[in-house]
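The structure under discussion appears below in the form of structure tokens.
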Amino acid sequence: MPVHWELRAGRRREVSRARSGRLSFFRTRRIGMLGGLVTCALLPISTVFPAGGGGKAGAFLRLGIGAEPVAMGGAFAAVANTVYSVHFNPAALISVSGPKLAASYALLPLDRQLSFLGFATSVGPRSPSGKEVGGGERPRAGVGVAWIRAGVEEIDGRDLDGRHTGMLSNSENAFVFGFALEPRRGLALGIAGKVLYNRFPGLMEDGSAVTSQGFGLDIGAYAEPFRGFSLGLCVDNLNAHYTWNTQGLWEHGSTKTDRFPRGWRLGAAYRDEGKRAMMLLQLEGREGSDLRWATGGEWVVFDGLSLRVGIRRNRPGIGLGVAQKLFGREFALDYALFAEPEAPGADHWFGWQLEF
């Protein structure tokens, strides 16, 4: 039996029955509930673009991560020396030259938020022969950790008769740990584990939350055939899923598993010897979706200012980065603007990076 829900973005919208019974984080379709309770909370938030797997679990991980990557189309499978590799390709963590911290926050239409906090560094003794893209010796291993969080507010709960039952919210979280090794010169392998946590607060009769947990793996490979040019391959969401149990929520509750669609991305990156420009190209596929491509680039206008542009899902993204040294540390601020498909407005991404 379908139930009535609506997503609010500062005003009340018409409530309609949902065919799938699935609450969407990145989609504007209204979703149903039974008996005024959010039994559809068993299902994860999904994207606004249904043709791209938006109606499937874990859509918040497919929207994009970080102001810098989003501005360049998200084509980061082969990009070197960045904290964001923990998400795009754990094998590329091998290229991280030293401790780095990155954070980003996205202001999205329809009361949605998406944030990232990550750290990456090199570990172990340095290889006597391996060289990083920018020159210098590279360590034998790299590690990264990250917290990715998506949330939506102002969910207007309704029963079958259309009566207001309360304002609700939802959040999805991924806690990621990635590790990379270089078994041979110029080739690295990596793996990342993701602890997944989804929460709908205040749904139980006693006011407690309905939650779900899961775990998934990403594996990747990263290669540098020659200086300035790199290749990356990542397969993500292996065994990733949510397991829901609502038997204590209402008399017809059940146990359900929502699996994340597996996907892959193959990318190439080239940075000129003077590090004034970078070009990116990526091909990606996912279960239930067509092949997609993404491309992007960065141009260093002058020291401390970079302009970025990219295309993903046939939509443009633009951005800039400002970098300066503060107290002997490299500090950068990033901004990106992306025209999200089927959303009523553009996405605004803000980022911050610090190299120790």
| query | So, of the residues in the range 113-147 that are polar (S, T, N, Q), in contact with a Pro (Cβ under 8 Å, 6 or more places away or on another chain) and surrounded by fewer than 21 Cβ atoms within 10 Å (Cβ to Cβ), which turns out to be modelled with the lowest pLDDT? | reply | Ser127
| request: Give me the pairs, please: first residue somewhere in the range 299-311 and free of Cβ contacts under 8 Å to residues at least 40 places away in the same chain, second residue anywhere and surrounded by 13 or more Cβ atoms within 10 Å (Cβ to Cβ) and among the small types (Gly, Ala, Ser), beta-carbon distance under 6 Å, and either six or more positions apart or on two chains. | output: Trp299/Ala277; Val300/Ser306; Gly304/Ala323; Ser306/Gly321
| remark: In the range 144-194, anything within 18 Å of Val123 (Cα to Cα) and hydrophobic (A, V, I, L, M, F, W, C) is listed as Val145, Ala146, Val176, Phe177, Phe179, Ala180, Leu181, Leu187, Ala188, Leu189, Ile191, Ala192
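Could you tell me whether Leu110 is at pLDDT below 85, closer than 22 Å to Gly351 by Cα and not in a strand (DSSP E or B)? Talk me through it step by step, then tell me what you get.
Working: at pLDDT below 85: yes; closer than 22 Å to Gly351 by Cα: yes; not in a strand (DSSP E or B): yes.
Against the criterion (at pLDDT below 85, closer than 22 Å to Gly351 by Cα and not in a strand (DSSP E or B)), Leu110 qualifies.
Got a number for residues in the range 251-285 being under 22 Å from Gly317 (Cβ atoms) and exposed (fewer than 13 other Cβ atoms within 10 Å of the Cβ)?
First, the residues of the range 251-285 that are under 22 Å from Gly317 (Cβ atoms): 263-272, 275-285.
Keeping just the survivors that are exposed (fewer than 13 other Cβ atoms within 10 Å of the Cβ) gives 272, 275.
Within the range 251-285, residues that are under 22 Å from Gly317 (Cβ atoms) and exposed (fewer than 13 other Cβ atoms within 10 Å of the Cβ) number 2.
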| field | Number of positions in the range 317-347 that are in contact with a Gly (Cβ under 8 Å, 6 or more places away or on another chain), at pLDDT below 85 and part of a strand (DSSP E or B) | value | 0
| Set Val79, Val86, Val70: member being in a loop (DSSP other than H, G, I, E, B), within 30 Å of Arg259 (Cβ to Cβ), touching a strand residue (DSSP E or B) at 6+ places or on another chain (Cβ under 7 Å) and of a type in the set (Val, Ile, Thr) | Val79
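Give Val96, Val79 a once-over and let me know the one that is at pLDDT 90 or above, over 14 Å from Asp334 (Cβ atoms), surrounded by 24 or more Cβ atoms within 10 Å (Cβ to Cβ) and not basic (Lys, Arg). Walk me through it before giving the result.
Details: Val79 fails: over 14 Å from Asp334 (Cβ atoms).
Only one candidate passes the filter, namely Val96.
Answer with yes or no whether Thr257 is polar (S, T, N, Q), in a strand (DSSP E or B) and under 19 Å from the mean Cα position of the chain (by Cα). Lay out the reasoning, then the answer.
Working: polar (S, T, N, Q): yes; in a strand (DSSP E or B): yes; under 19 Å from the mean Cα position of the chain (by Cα): no.
Here the answer is no, as Thr257 does not meet what is asked.
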| message | I need the full set of residues from the range 148-195 which are of a type in the set (D, E, K, R) and in contact with a Ser or Thr (Cβ under 9 Å, 6 or more places away or on another chain), in order please. | response | Arg149, Glu153, Glu154, Asp156, Arg158, Asp159, Glu182, Arg185
| request: Tell me which of these Gly288 doesn't satisfy, since it passes every other one: (1) surrounded by 14 or more Cβ atoms within 10 Å (Cβ to Cβ); (2) in a loop (DSSP other than H, G, I, E, B). | output: (1)
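From the list Ala221, Ala192, Ala188, Ala150, pick out the single residue that is surrounded by 15 or more Cβ atoms within 10 Å (Cβ to Cβ) and over 20 Å from the mean Cα position of the chain (by Cα).
After applying the criteria, what remains is Ala188.
Just to be sure, is Gly21 part of a loop (DSSP other than H, G, I, E, B), more than 24 Å from Phe177 (Cα to Cα), small (Gly, Ala, Ser) and modelled with pLDDT under 50?
yes
Looking only at the range 323-345, which residues are within 17 Å of the chain's Cα centre (by Cα) and farther than 20 Å from Val96 by Cα? Write out each step before concluding.
Going through the range 323-345, the residues within 17 Å of the chain's Cα centre (by Cα) turn out to be 334-341.
Tyr335, Ala336, Leu337, Phe338, Ala339, Glu340, Pro341, listed by residue number.
The values are calculated or read from the model by the stated rules, or taken from the named source; none is laboratory data. Since this is a predicted model, take the numbers as computed values, not measurements. FYI the Cβ positions are ideal-geometry reconstructions off the backbone, even for glycines, and counts take in every protein chain you see.
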